[in-house]
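Peer 1: Dumping the structure here so I can ask a few things about it.
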Amino acid sequence: MISIAVGKLAEELTHPLRELEQAGFLSISGTGTEIEAETQEKGLKLTQSDGRAEIKYSNKAEFIRAISHLMQGETEVAETAAFKANGYMLDCSRNAVASIPAVKKLIRHMALMGLNTLQLYTEDTFEIPEWKYFGYLRGRYTKEELKELDSYAEMFGIELIPCVQTLAHLNEALRWPEFHDIVDCEDILLVGEEKTYRFLDDMIRTLSECFSSKNINIGMDEAHMLGLGKYLDKHGYQNRSDIMTSHLSKVIEICKKYDFKPMMWSDMFFRLAYKGEYYVSEEDTNVDFPPEMLEKLRSDVKLVYWDYYSKDKDRYNAMIKRHRRFPNEITFAGGAYKWNGLTPDLRFSYDATRAALSASIEEGIEEVFTTGWGDDGAETPAFVILPILQLHAEIAYKGADVSEDTLRVRFKACTRGNWDDFFMLDTPNFTNYSREHLQNTTKPLLYQDVLLGIFDRHVDPNTFPIHFKVCAKQLKKAAKRNPQWSYIFTHTALISEILSQKATLGIEIRRAYIDSNVDELRWLAYKKLKKVKKKVRKLALSFEHVWLRENKPHGLEVLHIRLGGLEARLKAASRRLKSYISGEVNHLEELESERLTFNGDEKSGANAHCNLWSKIVSPSRMSWF
């Protein structure tokens, strides 16, 4: 650990260093390396010799990054960032609302990397005093909490940016009677209503009172059914591009009223022009944006081109060129895959990020960030995305061809984690070791019912148990090498350990039943099911431990319900087998049903993808409307 002296530094620079000291990154003493700092117009420069370090920087985030270079023993560093804004969007809306200590921890790691923006994605998870049910029982941030986080981020030179929704993706708020008269359909606000804009005015005013940033992400993505619900009943069918641009104009005016500069996701303009499609290649000359759309689209909103799905740099280049047809500034948003089930897909994120940021640099994009969504319950630990944040930073400062050796060293300095071990968190999903497509094998195999076997056709009984057993062993070793992050590795190891026994359990039960192997059925009913059930109970406690280290308690109840349901069905399976063994029933109808592939593709083999718990656990309806 490096020891530094801060006697000559301004108070605004010593404050973040003392926070880093409390977090164990460095120590401050009168006999340590003497730090001198001064600002310069662009970039950072570090020179260290004879117990003295001189740091020149153009913003505070660069100063903190220079400190991280000192921590790793660098003596001469000169860097200029390729992007003026570079950071992360933290999803706080899909059950997991990051706790205040966790957000502060994230800010410290980001600052050491040299990142300078953090968007808090809060669909309804912040309080609006006038709307009591907005974020009700969802762990919403209070105004005081947002102000605390804003101040803490500013201390490290990171701009905390509100990221909300002003059109769609508001289903959790719109469920309450308070909002029923301003719902168009599904999760979409009713455009053109006075109450809708009163609600949005209250929302944006509240944010202006909590954030010092003048930037705001107003969302407006994936409003697929815009104008096709209550709006259609009231106004008849209207040009949907007109509906979109008219609503946007009203929201921009509200933003201006509170001195905000808005940005929004760009997909709706593409979808409206290209019959629902977003990712259109530059070579596709058969379609173009309607002139009237371009004329009505205001230029005083940034468009965020978001793309998490490709490793092809040419695609990113083509899409950026498509965006240039709009009269707007363009921001790029990539993805750090933590929304793919129980474990991340860091290698896919790594490859996609390299391609995307390389294209962004070539195309002159000045603002970028990566997203960390939490689809279907935020079951993946929040901090697994740190390697992708490091990659974002190093590409910005060192170029798109930055080496993995450099990344390993920088990652150790900024997170105290082992780069290669973090990528090992991907491994449980890759039972066939193909990385061409996203996979989430672990989630379907954990939650699927052992008596129904919805995914059993996608399981190789000869290789899966060995694969998961090896993963568990490797992850346990990694936990010891990463004491700061051991809870993530031990949790993922436990998932793998359970799957080494449960992945083939449905196949074993059905085979023993079809073969009338009573001895095997007895062992499964009295021994193996009981053993797996006990580990599932342990996993529920592990999920709770991980969740409460990173998030507010709200939303945890969903994981308790899911794992409690899994445990209940394992008990039920044991009872069903016992009733058959004893002769109480003479057949088990659920085991006699033919097993089909989940996706209908007989050639798909292993690793059918599904990230919706409700579709994994049962083919029956999980809710009724």
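The values are calculated or read from the model by the stated rules, or taken from the named source; none is laboratory data. Nothing here was measured: the structure is a model prediction, and the numbers come from that model. Neighbour counts are summed over all protein chains in view; Cβ atoms, including those assigned to glycine, are modelled from backbone coordinates with ideal geometry. For the accessible areas, the whole protein counts, side chains as well, though only heavy atoms, and no ligand, DNA or RNA atoms are used. Shrake-Rupley method; radii C 1.70, N 1.55, O 1.52, S 1.80 Å.
Peer 1: For region 187-206, state whether one or more residues are open to solvent by 20 Å² or more (accessible area, probe 1.4 Å), assigned to a loop (DSSP other than H, G, I, E, B) and either among the hydroxyl-bearing types (S, T, Y) or closer than 21 Å to L137 by Cα (or both).
Peer 2: Within region 187-206, one or more residues are open to solvent by 20 Å² or more (accessible area, probe 1.4 Å), assigned to a loop (DSSP other than H, G, I, E, B) and either among the hydroxyl-bearing types (S, T, Y) or closer than 21 Å to L137 by Cα (or both).
Peer 1: Looking at region 152-179 only, could you name the residues that are more than 30 Å from L13 (Cα to Cα) and aromatic (F, W, Y)?
Peer 2: Those that are more than 30 Å from L13 (Cα to Cα) and aromatic (F, W, Y): W176, F179.
Peer 1: Working only within region 137-159, note down all residues that are in a loop (DSSP other than H, G, I, E, B) and open to solvent by less than 40 Å² (accessible area, probe 1.4 Å).
Peer 2: Once the filter is applied, which keeps residues that are in a loop (DSSP other than H, G, I, E, B) and open to solvent by less than 40 Å² (accessible area, probe 1.4 Å), region 137-159 yields R138, G139, F156, G157, I158.
Peer 1: May I ask you to list the residues in region 40-69 that are open to solvent by 40 Å² or more (accessible area, probe 1.4 Å), modelled with pLDDT of 95 or more and assigned to a strand (DSSP E or B)?
Peer 2: Once the filter is applied, which keeps residues that are open to solvent by 40 Å² or more (accessible area, probe 1.4 Å), modelled with pLDDT of 95 or more and assigned to a strand (DSSP E or B), region 40-69 yields K45, T47, E54, K56.
Peer 1: Considering N440, N432, N462, which residue is in a loop (DSSP other than H, G, I, E, B) and open to solvent by less than 10 Å² (accessible area, probe 1.4 Å)?
Peer 2: Answer to the check: N440.
Peer 1: Given the criterion assigned to a loop (DSSP other than H, G, I, E, B) and either aliphatic (A, V, I, L, M) or within 25 Å of N599 (Cα to Cα) (or both), identify the matching residue among A400, A478.
Peer 2: A400
Peer 1: Same structure again: How many of the residues making up region 160-185 are touching a residue at least 40 places away in the same chain (Cβ under 8 Å), among the acidic types (D, E) and in a helix (DSSP H, G or I)?
Peer 2: Adding up the residues that qualify gives 2.
Peer 1: Also, I was wondering about something else. For region 495-588, list the helices (runs of 4 or more DSSP H) that sit wholly inside it and hold at least 1 residues that are open to solvent by 50 Å² or more (accessible area, probe 1.4 Å) and β-branched (V, I, T); which are they?
Peer 2: 505-514, 518-523, 556-581
Peer 1: Taking region 291-307 only, how many residues are under 18 Å from T370 (Cβ atoms) and either modelled with pLDDT under 95 or of a type in the set (A, V, I, L, M, F, W, C) (or both)?
Peer 2: Summing the residues that are under 18 Å from T370 (Cβ atoms) and either modelled with pLDDT under 95 or of a type in the set (A, V, I, L, M, F, W, C) (or both) in region 291-307 gives 3.
Peer 1: Do the conditions hold for D242, that is, is it modelled with pLDDT under 95, over 27 Å from the mean Cα position of the chain (by Cα) and open to solvent by 50 Å² or more (accessible area, probe 1.4 Å)?
Peer 2: yes
Peer 1: Among the residues that make up region 124-132, is at least one of them surrounded by fewer than 24 Cβ atoms within 10 Å (Cβ to Cβ), of a type in the set (S, T, Y) and farther than 21 Å from P387 by Cα?
Peer 2: No, every residue in region 124-132 fails to be surrounded by fewer than 24 Cβ atoms within 10 Å (Cβ to Cβ), of a type in the set (S, T, Y) and farther than 21 Å from P387 by Cα.
Peer 1: Same structure again: Name the residues in region 30-39 that are of a type in the set (S, T, N, Q) and either under 26 Å from P101 (Cα atoms) or in a strand (DSSP E or B) (or both), would you?
Peer 2: T33, T39
Peer 1: Report whether or not S246 is touching a Gly at 6+ places or on another chain (Cβ under 8 Å) and more than 23 Å from I128 (Cα to Cα).
Peer 2: Yes, satisfied.
Peer 1: Starting from residues that are assigned to a loop (DSSP other than H, G, I, E, B), touching a Gly at 6+ places or on another chain (Cβ under 9 Å) and open to solvent by 20 Å² or more (accessible area, probe 1.4 Å), keep the ones in region 71-98 and report whichever is farthest from H392 (Cα to Cα).
Peer 2: Filtering first and then ranking leaves N95.
Peer 1: Tell me, please, whether a residue that is modelled with pLDDT under 90 and farther than 24 Å from E367 by Cα can be found in region 256-270.
Peer 2: no
Peer 1: Take the residues of region 249-281 that are more than 29 Å from S213 (Cβ to Cβ) and touching a residue at least 24 places away in the same chain (Cβ under 8 Å): which is surrounded by the fewest Cβ atoms within 10 Å (Cβ to Cβ)?
Peer 2: G276
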